[in-house]
1. What net charge do the residues around SER66 carry, taking every other residue with its C-beta under 13 Å from that of SER66, with Lys and Arg at +1 and Asp and Glu at -1?
2. Enter the mean projected area of the convex hull around the alpha-carbon atoms of region 108-168, in nm², rounded to one decimal.
3. How big is the equivalent ellipsoid of region 53-100 along its three axes, where each semi-axis is √(5λ) from the Cα gyration tensor, reported in whole Å from largest to smallest?
4. Hey, got the Cα dimensions of region 159-203 along the principal axes, in Å, largest first?
5. Please work out the Cα convex hull volume for region 73-158 and give it in Å³ per residue.
6. If all Cα-Cα distances of region 102-203 are sorted into 5 Å bins from 0 onward, what percent lands in each bin, rounded to whole numbers?
7. Under 11 Å from the Cβ of LEU104, count the other residues' Cβ atoms, weight Lys and Arg +1, Asp and Glu -1, and hand me the total.
Amino acid sequence: MTEKKPMNRRAFCKAGALAATGLGLSGATSFALASQTADSSHTLSGESDMTASYEIINAVQGFFESSDNNQRATTESLMSTPFHLDYSSFGAGPAADLNPADILNGWSQFLPGFDHTHHQLSPMVLEITGDTAKARVYVTATHFIAEAEGGELWTVYGSYDIGLKKTETGWILSGLVFHYKFQSGNGTLPALAQARAAEKSKK
């Protein structure tokens, strides 16, 4: 696997705007890393903290899974207003606090153009402070278009810092910060996905 040149990142951002790694999680897997050992980044202080950990993990998984399944209403229900989005490490411009509907509108111009996307999440490291929390997680984001010229797969590697807050209805995401590492595969797939998504929107 070879890393693509920066121009592929710029082309990708033009194709997907703030979509960046493409929030399509197919069968995402993540587990809490909430140890009771002294050197853990988060020490459980009781049953309430254990419950919060499970609820936070479910919120993160639900967000990505619903995005993968094009369940827009569910995805939006798990986002705060405003929602802090930062893909600047991937060439998507500066971080911004945005309306969730605007973010999802941007993703809808890009993600449906892939046949499949799969975000594999690592174990999470959680930091819970009252009604707010942070989750840190590695991600491998694989995008697939069958029989695409130049290769069917394009994969992006990095990590997320995920902000969350507790509301009356439960934990929701308040922001995503993506830390890009490298990519492999067919760097032309993002532009192809954008074109395919545009065609689908006309039907």
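1. Here the charged neighbours net out to -2.
2. For region 108-168, averaging the hull's shadow over all directions gives 5.9 nm².
3. Numbers: eigenvalues 89, 31, 27 Å².
Ellipsoid semi-axes (Å, largest first): 21, 12, 12.
4. Projected onto the principal axes, the Cα atoms of region 159-203 cover 40, 34, 10 Å.
5. 134
6. 3, 12, 17, 18, 17, 14, 10, 7, 3, 1, 0
7. -1
Readers should treat all values here as calculations from the given coordinates under stated rules, not as data from a laboratory. What you are looking at is a predicted structure, and each value in this text was computed from that prediction instead of being measured. Every residue, glycine among them, receives a Cβ derived from its backbone with ideal geometry; neighbour counts consider all protein chains shown.
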